[in-house]
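A short worksheet on the structure shown next.
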Amino acid sequence: MPVQSFVLRVLGLFVAAAALSFSAAASADPPSRVARLGYASGGVIFSAAGEDEWSQAALNRPLTIGDRLWVEDGARAELQDGGAVIRLHGGTGISVLNLDEGSTLLQLTQGSLNLRVRRLAPNQVVEVDTPQLALTLRQRGDYRIAVDPDGNVTDVIVRSGQAEVSGPGAAYIIDAQQRYRFRGNDLRDNEFLAAPRPDEFDRWASERDRAFDNSASARYVSPDVIGYQDLDANGVWRVDATYGNVWYPNQVGSDWAPYRDGHWTWIAPWGWTWVDDAPWGFAVSHYGRWANLGSRWAWVPGPVRTSAYYAPALVAFVGGDNFRLTIASGNVGGIGWFPLAPREVYRPSYVASRRYFENINRSNTVISTTVINNSYNTRDRDDRDYANRRIPGAVIAVPRNTFINSQHVSGAAVRMAPEMLGRAPLVAAPQVAPDERRRGAAAPAASLPPPRAFERPAVTRIAPQGHVPALRRDASPVMQPSVPTPVAAPVIEPRARPQGRDNGPQRAPVNVVPASSPPAQALPPPQGRPQPQFQPQPRVQPAPLGQPQAQPQVQPQPRVQPVPPVPPPAQPQVQPQPPQRPHPPESKAVVPQVATPQAAAPVPPARPPESRAPAAAPKGPVPAPAAVHAGPKDEQKDAKAPPAEGRSKEPEDGRDGPRRQEDRPRQAN
């Protein structure tokens, strides 16, 4: 027994160490998702993670944790992250606080955005944080969020779907076709407003949505592939006997090759990342593979039913100390690359676990487990015979300065002779640092955001990952490739930034105020007829803020016993609101539900006794839904509504009666 106990303890320690090692390796993996700048009109400027300078935003630029975007007045921009599309109005600034396969966390510091949630996995979270609240989007739908220039007011419009607003000490549900305005730092200071008609910005967003909804390319790619809708108008789909469904671009020249029209830029934690110039270039540069079929380039997507992993560029690099190019000024050091073909393994040049290594390859091409394992186990060498390396014009090479300065490739590309390609060694990635004066191949911003636009704290329910540190200026980039480089490349020191210029608002640490509400999934849907007065108060306490004790409140006793979702009998025609203020027929406003940490089984609150005097108005602010007056016809209808078996009769023609069930404020559990 002692021996067996010792053996079990040793095995337990071994398993725990292995699990800890796997967890640490997995935590070092880069995100599998990014956001794409898919549309920009007017002045749109960008500040990379860890940077304070602003430059003109480049189309197809991948955005990740710590990046910031500012849309100037009169301009518009669109971000795509696979399951959601975020459209920014003029005068809007956002920061990416977190972006991975489990969550999309954005900070809206000023301005207005339209957010369309197209897909939402069971455990996936989409959240927008403002100075007043954390808005968690619980369902697919269309949402509009706005923050005033002073950061004191947040407007939330739910056109379809459902959202949860959270703040210190309170959380409420906002249903479809509702609009609420929140002021200050207390969610109880809110106002119900009539949902406005879609404006020009909303109509533009709806028109952009149709490109996603009607995309023919959606049937051929994984829904996680970003930018697939742009393939529809720029190419054709064909069926290949070897690879199945493939896509041919139709607006390229006969000498065109993948990864030629664009530039390279450094984006942590991946390192060197390709930014394509073509409007349709994002999906075909970061997912799938390229095949040369009949002297034409065809893009081969990955499996449709697999969650696609983003890659900075699906290429293999050639170069080294002796890799030289001949240009007009003489022989210079060069860097070359070519696209990977189907069933070829992509080897990340950055730190990644074995799980990540397998997923990024399985999700982007049809490949066997044996090929992946063999490639992973032989990371110390790369002697594969790449198919596209032999295709004329497939290898793109530029002078090293063009590469590190993030300059456009097409004008500086050098055609390489076949014998030169045969001598060029393969490298995991160029071991060179970017020139920080030319980060992103973009011009400096003509104007800067307001000083306070990105310095306001935000309320959040999810702890952000934090900013990605900037590239060290006193050393080369720290490259820890998963496959060692066969040939060492020279290291070029980055140049110091120019001093003495105004770089705009400084990047303050993300000063978040954690919300005290429970997780969103703990809030059940409303049941029965909820309380008619909106009071975000503790469940077992009387209404605070000087409200009269006669105000209806939640009864704590029934909440510990679940009951079927059947409304309890209500006293006939007992209205806690003054009868002269009924709701308009077109309003379906529901005051947000209250979510507190003491969540219990949902039970409809009891109706107030008939003896309560409904005419007594509360001393606090009048709930916004009751502040809207109905027309004369609705008042007559309220007066004629007779009781039916202990409850108020609902109107049969679909119009509002004295007060419909969904128009009553309801308290979340």
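The values are calculated or read from the model by the stated rules, or taken from the named source; none is laboratory data. If you're wondering where the values come from, they're calculated on a predicted model, not measured in any experiment. With ideal geometry, Cβ positions are generated from the backbone for all residues, glycine too; neighbour counts draw on all protein chains shown. Each accessible area value is taken on the protein alone, full model and side chains, heavy atoms only, with ligands, DNA and RNA left out. Shrake-Rupley method; radii C 1.70, N 1.55, O 1.52, S 1.80 Å.
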ARG203 being at pLDDT 95 or above and at negative phi
yes
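Here is a yes/no grid of residues against (1) open to solvent by 40 Å² or more (accessible area, probe 1.4 Å); (2) modelled with pLDDT of 55 or more; (3) acidic (Asp, Glu); (4) not in a loop (DSSP other than H, G, I, E, B):
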{"position": "ALA446", "(1), (2), (3), (4)": "yes, yes, no, no"}
{"position": "ARG452", "(1), (2), (3), (4)": "yes, yes, no, no"}
{"position": "GLU455", "(1), (2), (3), (4)": "yes, yes, yes, no"}
{"position": "VAL459", "(1), (2), (3), (4)": "no, yes, no, yes"}
{"position": "GLN465", "(1), (2), (3), (4)": "yes, yes, no, no"}
{"position": "VAL468", "(1), (2), (3), (4)": "no, no, no, no"}
{"position": "ARG472", "(1), (2), (3), (4)": "yes, no, no, no"}
May I ask you to verify whether VAL284 is among the β-branched types (Val, Ile, Thr) and either open to solvent by 10 Å² or more (accessible area, probe 1.4 Å) or out of contact with any Phe, Trp or Tyr (no Cβ under 6 Å at 6 or more places or on another chain) (or both)? no
Heads up, the strands (runs of 3 or more DSSP E) in region 288-367 (entirely inside) with at least 1 residues that are open to solvent by 10 Å² or more (accessible area, probe 1.4 Å), without any contact (Cβ under 8 Å) to a residue 60 or more places away in the chain and of a type in the set (A, V, I, L, M) are 289-293, 315-318
Filtering region 392-426 down to residues that are β-branched (Val, Ile, Thr) and open to solvent by 20 Å² or more (accessible area, probe 1.4 Å) yields VAL414
ARG119 meets each of (1) assigned to a loop (DSSP other than H, G, I, E, B); (2) farther than 30 Å from TYR248 by Cα; (3) open to solvent by 20 Å² or more (accessible area, probe 1.4 Å); (4) not acidic (Asp, Glu) with one exception, condition (2)
Self-check item: Residue match in region 259-273 (condition: at pLDDT below 95, open to solvent by 10 Å² or more (accessible area, probe 1.4 Å) and either among the aliphatic types (A, V, I, L, M) or touching an Asp or Glu at 6+ places or on another chain (Cβ under 7 Å) (or both))
Solution: yes
Check your understanding: Is it the case that LEU108 is aliphatic (A, V, I, L, M), over 28 Å from ALA278 (Cα atoms) and at pLDDT below 90?
Key -> no
| message | Can you confirm whether GLN124 is under 29 Å from VAL225 (Cα atoms) and modelled with pLDDT of 95 or more? | response | no
Counting only residues in region 85-109 that are in contact (Cβ under 8 Å) with a residue 40 or more places away in the chain and either on the phi > 0 side of the Ramachandran plot or part of a loop (DSSP other than H, G, I, E, B) (or both), the one most open to solvent (accessible area, probe 1.4 Å) is identified as GLU101
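Yes/no matrix, rows are residues, columns are (1) in contact with a Gly (Cβ under 7 Å, 6 or more places away or on another chain); (2) under 24 Å from SER406 (Cβ atoms):
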position: ARG183; (1), (2): no, no
position: ALA211; (1), (2): no, no
position: ASP230; (1), (2): no, yes
position: SER254; (1), (2): no, no
position: HIS263; (1), (2): no, yes
position: ALA283; (1), (2): yes, yes
Here the residues within region 338-376 that are under 24 Å from PRO399 (Cβ atoms) and in contact with a Pro (Cβ under 9 Å, 6 or more places away or on another chain) are PHE338, PRO339, SER349
Taking VAL409 as the residue in question, decide whether it is in a loop (DSSP other than H, G, I, E, B) and over 21 Å from ASP261 (Cβ atoms). no
By residue number, the members of region 128-141 that are surrounded by 22 or more Cβ atoms within 10 Å (Cβ to Cβ) and not hydroxyl-bearing (Ser, Thr, Tyr) are VAL128, ASP129, PRO131, GLN132, LEU133, ALA134, LEU135, LEU137
Conditions (1) buried (at least 24 other Cβ atoms within 10 Å of the Cβ); (2) in a helix (DSSP H, G or I) -> VAL371 fails only (1)
